[in-house]
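Since the structure comes first, as structure tokens, the remarks are kept for the end.
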Amino acid sequence: MKILVANLGSTSFKYRLFSLEGSSASMIARGGSERVTDYGAAIDKALGELAGAGHVRSAKDLDGVGFKTVFAGELTGCVLADESVEKALRDTADLAPAHNPPYAEGLRLFRERHPGVPRVALFETAFYQWVPDYARRYAVPEAWYKAGIRRYGFHGASHKFVAERSAELLGRPDVAEVARRLYLDGPRTIPGAPLRVVSCHLGGSSSVTAISDGVAVGTSMGLSPQSGLPQSNRVGDLDSAAVPCAMRRLGLSVEQAEKQLCKESGLQGLSGVSNDLRDIKAAADRGDARAQLAINVFVHSIRHWIGAFWLDLGGCDALVFTAGIGENNAWLREAVCAGLSEIGLTLDVATNGSAPFESNLAAPDSRTQVIVIPANEELVVAREAARLLAARKVNG
Ligand code: ADP
């Protein structure tokens with residue numbers, strides 16, 4: 001099966017072409033355009049490049065196009081992206097203003113140009129469909145809840161991949177199978193003690209997810225990706241009273257407050273140095289106190305959520321790190337795992353600094369394993385799209 005995955009930013013169009021057979025998947029081409037003003041032209045260019053390289057003759061050779069859509073309120077999952085999905089993306093753009101307009105537009109253009117090629121949307125909220133009510137309701141008036149104010153969760157593609165892969169690495173193919181088929185079959189009860197995983201996606205934006213037997217049961221992300229851990233430029237969790245208070249004290253408009261919380265906060269706002277953890281660490285190592293504070297706040301917040309989910313799950317079989325920060329910074333993993341021997345996690349510091357991806361980084365006597373699983377979100381979109389399209393073929 002050939003699946004094209006389209007990654008749309010507010011001014012970019014990137015693509016990867018995957019070939020999938022059974023359980024194996026490989027990327028066969030990638031490319032894209034920056035500073036895009038016309039997504040239609042970018043789509044034509046991508047297909048022209050793929051045809052020029054001999055990967056496809058035309059769009060007709062594609063079995064589907066996958067889109068990693070972010071948010072459309074109650075509409076979630078891995079779904080065929082018809083016009084109602086485009087409308088849902090437009091209707092909910094207030095909470096995902098950077099992502100929803102380009103995805104709505106990209107889906108429309110693919111539909112108009114290549115109506116015979118199925119389009120699949122994999123929502124970043126999809127993995128959280130089965131989070132229990134008590135973990136996704138805010139204590140707001142009922143009218144607010146009915147207006148959609150609740151915890152949705154994000155980074156679903158990445159955390160679901162962790163759910164599948166960690167179960168394989170921990171020798172639980174039964175759990176891996178439930179995780180793989182989750183969007184087709186929903187959760188399945190597995191007899192015996194559940195496999196408990198806490199997944200830390202730490203990158204340009206970051207979140208922690210609690211996973212029980214392959215299914216998410218909690219997330220640090222809330223109503224929007226503007227929540228949970230401090231992000232590169234976004235604030236993360238904040239007392240709701242802080243917004244009106246800062247607006248009054250600093251004389252800010254709603255738009256100014258939103259912009260400052262979205263662009264001038266997070267690791268950037270705390271450190272005053274950069275939104276990139278590499279720069280912040282280098283500054284901290286040179287003695288910059290604000291940079292060190294940003295690191296301390298970030299680590300504290302990661303540990304806060306790990307601790308919350310550790311209790312929720314009644315223990316933790318594996319603590320997983322993924323994405324740019326989680327994969328590449330042994331010093332940060334060491335800081336996150338410090339002083340946890342009492343509750344059953346002891347990191348092997350030497351192994352943490354040297355072992356290849358997907359090794360167990362914990363000491364031999366540690367009850368909890370520590371594993372780095374590299375993220376590949378485009379691959380996840382391709383896999384989910386292929387699963388959906390294959391299931392549709394089987395079911396007629
Ligand atoms: P995005 O979320 O934008 O896809 P990443 O997952 O790559 O980006 O996360 C970006 C963060 O990961 C940055 O803060 C950066 O410091 C960190 N990072 C990425 N690559 C490395 C690396 N090779 N070494 C250390 N840190 C890295």
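The values are calculated or read from the model by the stated rules, or taken from the named source; none is laboratory data. It should be emphasised that the depicted structure is a prediction, and the values quoted were computed from it without experimental measurement. Cβ coordinates were reconstructed from backbone atoms using ideal geometry, including for glycine residues, and neighbour counts include every protein chain displayed. Protein only, heavy atoms only, side chains kept; ligands, DNA and RNA dropped before computing areas. Shrake-Rupley method; radii C 1.70, N 1.55, O 1.52, S 1.80 Å.
What percent does the relative contact order of the chain come to when contacts are Cα pairs within less than 8 Å and at least six residues apart?
It rounds to 14 percent for the chain.
Using only the heavy atoms of the protein chains and a 1.4 Å probe, how would Lys60, Lys281 rank by accessible area, largest first?
Lys60, Lys281
More than 22 Å apart: what percent of Cα pairs in segment 271-396 qualify?
Value for segment 271-396 (Cα pairs over 22 Å): 49 percent.
With a 1.4 Å probe and every protein chain left in place, work out the accessible area per residue of segment 145-296 in Å², rounded to a whole number.
44 Å²
Quote the charge dipole size of segment 161-296 about the Cα centre in Debye, to the nearest 20; the model charges only the Cβ of Lys and Arg (+1) and of Asp and Glu (-1).
180 debye
Quick check: pseudo-label points 7 Å beyond the Cα along Cα→Cβ at Arg136 and Ala350, how many nm apart are they?
Label at Arg136, label at Ala350, 4.6 nm between them.
I'd like the accessible area for Lys87, computed on protein heavy atoms only with a 1.4 Å probe and all protein chains in place. Round to 10 Å², please.
Rounded to the nearest 10, that gives 110 Å².
How long are the semi-axes of the equivalent ellipsoid of segment 49-158, defined as square roots of 5 times the Cα gyration tensor eigenvalues? Whole Å, largest first.
Three semi-axes, in Å: 32, 14, 10.
Ignoring ligands, DNA and RNA, how do Trp331, Trp310, Trp144 rank by accessible area with a 1.4 Å probe, largest first?
Largest to smallest exposure gives the sequence Trp144, Trp331, Trp310.
Can you compute 3J(HN,Hα) from phi for each residue in segment 343-348, using the Karplus curve 6.51 cos²θ - 1.76 cosθ + 1.60 with θ = phi - 60°, rounded to whole Hz and x for Gly and Pro?
9, x, 10, 10, 6, 8
With only alpha-carbon atoms counted, please give the Rg and Dmax of the chain, in Å.
Rg and Dmax of the chain, Cα atoms, are 21.3, 64 Å.
Any idea of the accessible area per residue across segment 1-67, 1.4 Å probe, to the nearest Å²?
49 Å²
Whenever you get a sec, compute what percent of the accessible area on the chain sits on carbon and sulfur atoms (1.4 Å probe).
C and S atoms contribute 52 percent here.
Bin by bin, in steps of 5 Å, what percent of the Cα pairs in segment 128-222 do you find, going until the bin that has the longest distance?
Percent of pairs per bin, in order: 3, 14, 23, 22, 17, 11, 6, 3, 1, 0.
For segment 26-98, treating each Cα as an identical point scatterer without solvent, what Debye log10 I(q)/I(0) comes out at q = 0.18 1/Å?
-0.92
Subtract the Cα-Cα distance of Arg278 and Trp144 from 0.36 nm times their separation in residues, and report this length gain in nm to one decimal.
Additional length available on full extension: 44.3 nm.
Under 19 Å Cα-Cα from Lys87, which aspartates and glutamates qualify once same-chain neighbours fewer than 8 residues away are excluded?
Leaving aside aspartates and glutamates fewer than 8 places away in the same chain, those within reach of Lys87 are Glu74, Glu105, Glu112, Glu124.
Determine which lysines satisfy two conditions relative to Lys393: a Cα distance under 23 Å, and not lying fewer than 8 residues away in the same chain.
Lys2, Lys60, Lys68
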